[in-house]
Amino acid sequence: MQKKIAIIGGGIVGATAAYYLSKLPGTQRLEVTLFDSGVGQATKAAAGIISPWLSKRRNQRWYQLAKSGADLYPELIHDAQLGTEVYQQTGTIVTREEATDLETLFALAQERRQTAATMGDVSTLTSQEVQAKVPLLSKPQPGVFITGGARVDGDALVHALLDRASEKNLTVRQERVSLTPDGQVVTSMGPRHYDRVILAAGAWLKDLVAPLAVTADVRPQKGQLIELAVKDYELQENMPVVMPEGERDFIPFGHGKLIVGATHEDDGKFNLTPDATVTADLLASAQRLMTGVTADDITGVRVGTRAYSSDFAPFFGPVPEHELFLAASGLGSSGLTTGPQIGRLLAGSALYGGTPDWSEYELPLTTYLRSSAE
């Protein structure tokens, strides 16, 4: 008997869940349908740094989830046979201007490395050594270098994972769907029943679960980044990504492509229109790091909508009192790091059932999903 699973949302969580639902043991009798309108998705607008180890967040559950996500990436990329245009361990440089701040950061890196083998080697770099590794920089600061850090193109990753899953048991439908109070998925062809439904709609989760009389602690945030055409250093196509103190992240993709960003705009919410003022601010950040860059070098602007919870922590799992549904949201700016692990866990739960204990990674789901009657 065929088991039918629906995924609502084709971002990093939905795409990874779809991939694992085509790969895990027992998927031979599985039919998976993914619904995504294609509008505003955070992942498709994102290019990110996979390097959670030096985060100063006090939330240890988040850190364990992010660390697990970083650990998963090499395995996921290898198994899905994805190329370096999607993901590459180029290393990460986190800079600090003051020597004492650099020492503190290096001490944190050494401590975290004891329980995070994926970090690779850790070392301090002078400003000259930073520039040698990233010659695009004309005004570098000294920093801590982590060899295990990586860059990832969210749009390329999502497309590749969905392509892999579509070769097996996945059907992708580009449409916006809703839910009925009794748990059906309302599609363009009418209401449909599924054995399990993964709700991976990001900032749209709040509206999606409203018919179930569930209130989701989710708010939208606009994020923008810019793509720049820069000098192509043929002998250094694999420059490390840089997290410069006081500036936007600096992500070289090789072949003369550089991404700078991203912003965190609470007032922007679901607005997907590029903001000229924000674009100028991102460009100014790039100009403070490197000389000779002008507005004429901007080759593109990406805009997406992230989802945040009130405590800035992601949440995922079976919706309370609605066990047919599995939900995930609140990933915020760390979605590219935490999303694959969340998608993998949700895929396993949807396929095998049970009540997994994910307390290592998150607070009880009732912290974020509550009955509207309460």
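The values are calculated or read from the model by the stated rules, or taken from the named source; none is laboratory data. Keep in mind it's a predicted model, so treat the numbers as computed, not measured. As a convention, Cβ positions derive from the backbone with ideal geometry for all residues, glycine included, and neighbour counts pool all protein chains shown. Areas reflect the complete protein model, heavy atoms only, side chains present, ligands, DNA and RNA absent. Shrake-Rupley method; radii C 1.70, N 1.55, O 1.52, S 1.80 Å.
Descriptive notes on the structure:
- Residue that is modelled with the lowest pLDDT, among those in the range 231-244 that are under 19 Å from residue 85 (Cβ atoms) and open to solvent by 30 Å² or more (accessible area, probe 1.4 Å): 235
- Taken residue by residue, the range 180-195 has no member that is crowded, with 23+ Cβ neighbours inside 10 Å, touching a helix residue (DSSP H, G or I) at 6+ places or on another chain (Cβ under 8 Å) and modelled with pLDDT of 95 or more.
- When the range 327-374 is filtered for residues that are more than 18 Å from residue 309 (Cβ to Cβ), polar (S, T, N, Q) and at pLDDT below 95, only 355 remains.
- Here residue 117 meets the list (1) buried (at least 19 other Cβ atoms within 10 Å of the Cβ); (2) modelled with pLDDT under 95 almost entirely, failing just condition (1).
- Residue check for residue 247: surrounded by fewer than 23 Cβ atoms within 10 Å (Cβ to Cβ), in contact with a helix residue (DSSP H, G or I) (Cβ under 9 Å, 6 or more places away or on another chain) and touching a residue at least 40 places away in the same chain (Cβ under 8 Å): yes
- In the range 145-171, the residues that are touching a helix residue (DSSP H, G or I) at 6+ places or on another chain (Cβ under 8 Å), hydrophobic (A, V, I, L, M, F, W, C) and surrounded by fewer than 19 Cβ atoms within 10 Å (Cβ to Cβ): none
- Some residue of the range 71-91 being at pLDDT below 95 and acidic (Asp, Glu): yes
- Conditions (1) within 23 Å of residue 334 (Cα to Cα); (2) open to solvent by less than 50 Å² (accessible area, probe 1.4 Å); (3) not in a loop (DSSP other than H, G, I, E, B): number failed by residue 90: (3)
- Boolean, residue 124 is without any contact (Cβ under 8 Å) to a residue 24 or more places away in the chain and either open to solvent by 20 Å² or more (accessible area, probe 1.4 Å) or closer than 28 Å to residue 306 by Cβ (or both): yes
- Unmet criterion (only one of (1) under 21 Å from the mean Cα position of the chain (by Cα); (2) crowded, with 21+ Cβ neighbours inside 10 Å; (3) part of a strand (DSSP E or B)) for residue 325: (1)
- Breaking point among (1) closer than 18 Å to residue 326 by Cβ; (2) without any contact (Cβ under 8 Å) to a residue 12 or more places away in the chain, for residue 78: (1)
- Listed by position, the strands (runs of 3 or more DSSP E) inside the range 192-305 whose residues that are more than 25 Å from residue 56 (Cα to Cα) and touching an Asp or Glu at 6+ places or on another chain (Cβ under 6 Å) number at least 2 are 219-229.
- Selection within the range 250-286: residues that are within 23 Å of residue 92 (Cβ to Cβ) and open to solvent by 70 Å² or more (accessible area, probe 1.4 Å). The member of this set that is nearest to the chain's Cα centre (by Cα) is 264.
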